[in-house]
Amino acid sequence: MSFFLVDNQPGQGPDLHEYPYTETWVVLDGEVTVTADGVDHHATVGDILVVGPETPHRFRAGGDGTLRMMCIHATPRILQEFIDA
């Protein structure tokens, strides 16, 4: 396992990417929209979202405040591949 903490302002987030393993997000503060396989999922404090392996996804901080979110990767080393839009 590995993880990192997100601290993003509204509108910030990574471009479309995928991993060869599962990723789990835990929203600690703020709001986020995760787009996975072209479907938007809105989450707020306390929500947990999971995306499966090789699923194109991205997220954007929403609302008026800072998004704080833990991203948990089911691998000891992050293997991220960005997808050209």
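The values are calculated or read from the model by the stated rules, or taken from the named source; none is laboratory data. These numbers come from a predicted model, not from an experiment. In this analysis, Cβ positions are derived from the backbone assuming ideal geometry, glycine residues included, and neighbour counts consider all displayed protein chains. Protein only, heavy atoms only, side chains kept; ligands, DNA and RNA dropped before computing areas. Shrake-Rupley method; radii C 1.70, N 1.55, O 1.52, S 1.80 Å.
Points to keep in mind about this one:
- Among the trypsin sites (Lys or Arg not before Pro) within the chain, those in coil by DSSP and having at most 15 neighbouring Cβ atoms inside 10 Å are Arg77.
- Sparsely packed loop sites in region 1-68 (the GluC sites (Glu not before Pro) outside DSSP H, G, I, E and B with at most 14 other Cβ atoms within 10 Å) comprise Glu54.
- Carbon and sulfur %, accessible surface of the chain computed with the full protein complex present, 1.4 Å: 52
- Shape of region 1-73 from the C-alpha gyration tensor: prolate (a/c of 1.5 or more and a/b above b/c, with a ≥ b ≥ c the square roots of its eigenvalues).
- Average accessible area per residue (Å²) across the chain - probe 1.4 Å, nucleic acids and ligands excluded: 57
- Once the Cα-Cα distance is subtracted from the 0.36 nm per residue extended length, the Asp7 to Thr75 segment shows a gain of 22.3 nm.
- Charges were assigned to the Cβ only: +1 to each Lys and Arg, -1 to each Asp and Glu. The resulting dipole of the chain about its Cα centre is roughly 220 debye.
- Couplings 3J(HN,Hα) for region 27-33, derived from phi with the Karplus relation 6.51 cos²θ - 1.76 cosθ + 1.60 (θ = phi - 60°), are 7, 9, 7, x, 10, 8, 10 Hz, where x marks Gly and Pro.
- With θ taken as phi - 60° and the Karplus curve 6.51 cos²θ - 1.76 cosθ + 1.60 applied, the whole-hertz 3J(HN,Hα) list for region 5-15 is 9, 9, 9, 10, 8, x, x, 7, x, x, 6 Hz, x standing for glycine and proline.
- Other-chain or far-sequence residues with amide H under 5 Å of Thr22's (modelled H): Ala74
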